[in-house]
1. Identify, by number, the condition in (1) within 13 Å of residue 104 (Cβ to Cβ); (2) in contact with a helix residue (DSSP H, G or I) (Cβ under 9 Å, 6 or more places away or on another chain) that residue 35 doesn't meet.
2. Which residues, counting only those in region 91-101, are part of a loop (DSSP other than H, G, I, E, B) and either closer than 22 Å to residue 39 by Cα or more than 19 Å from the chain's Cα centre (by Cα) (or both)?
3. Given the residues 38, 13, 26, which is the only one that is under 13 Å from residue 67 (Cα atoms), within 10 Å of the chain's Cα centre (by Cα) and in contact (Cβ under 8 Å) with a residue 60 or more places away in the chain?
4. Does at least one position in region 93-103 carry a residue that is open to solvent by 80 Å² or more (accessible area, probe 1.4 Å), in contact (Cβ under 8 Å) with a residue 40 or more places away in the chain and closer than 15 Å to residue 14 by Cβ?
5. Taking region 15-32 as the search range and keeping residues that are in contact with a strand residue (DSSP E or B) (Cβ under 6 Å, 6 or more places away or on another chain) and assigned to a loop (DSSP other than H, G, I, E, B), which one is most open to solvent (accessible area, probe 1.4 Å)?
6. Checking the structure you have, find out if any residue of region 15-27 is of a type in the set (Val, Ile, Thr), modelled with pLDDT of 95 or more and closer than 28 Å to residue 105 by Cβ.
7. Having 2 or more residues that are open to solvent by 80 Å² or more (accessible area, probe 1.4 Å) is the bar; report the strands (runs of 3 or more DSSP E) wholly within region 46-90 that clear it.
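The values are calculated or read from the model by the stated rules, or taken from the named source; none is laboratory data. If you're wondering where the values come from, they're calculated on a predicted model, not measured in any experiment. Cβ coordinates were reconstructed from backbone atoms using ideal geometry, including for glycine residues, and neighbour counts include every protein chain displayed. Note: accessible area is taken over every heavy atom of the protein model, side chains too, but ligands, DNA and RNA are not part of it. Shrake-Rupley method; radii C 1.70, N 1.55, O 1.52, S 1.80 Å.
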Amino acid sequence: MATAKIKKGDKVVILSGKDKGKQGEVTKSMPRESKVIVSGVNIITRHKKPTQGNPQGGLEKAEAPLHVSKVALQDPKTGKPTRVRFEIKGDKKVRVAVRSGETING
């Protein structure tokens, strides 16, 4: 399996959809489904019926997964969206931002 270009903890920029231009941190990465969950982005509202555990019921807001193609890594230098390239430095494979050439930690 190929190494993931976007991982948990990365700062990303949303490229398309209702949240286009927003920035956030990846809280969960699901590489098998090619999806990521970004904090504060793609919020959905679920209507919950009252239950024994939650007698009040009501509206529940949660972050829904986004397809990985809709997000781009935030360049560490400029803060703009960038693609990711892999380079071998020494004996390690590292992620590099294409826009600035900056090494991405992780």
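1. (1)
2. Across region 91-101, the qualifying residues are 91, 100, 101.
3. Answer to the selection: 13.
4. For region 93-103, residues open to solvent by 80 Å² or more (accessible area, probe 1.4 Å), in contact (Cβ under 8 Å) with a residue 40 or more places away in the chain and closer than 15 Å to residue 14 by Cβ: absent.
5. 20
6. Among the residues of region 15-27, at least one is of a type in the set (Val, Ile, Thr), modelled with pLDDT of 95 or more and closer than 28 Å to residue 105 by Cβ, which makes the answer yes.
7. Because the criterion is at least 2 residues that are open to solvent by 80 Å² or more (accessible area, probe 1.4 Å), the strands (runs of 3 or more DSSP E) in region 46-90 that meet it are 58-63, 84-89.
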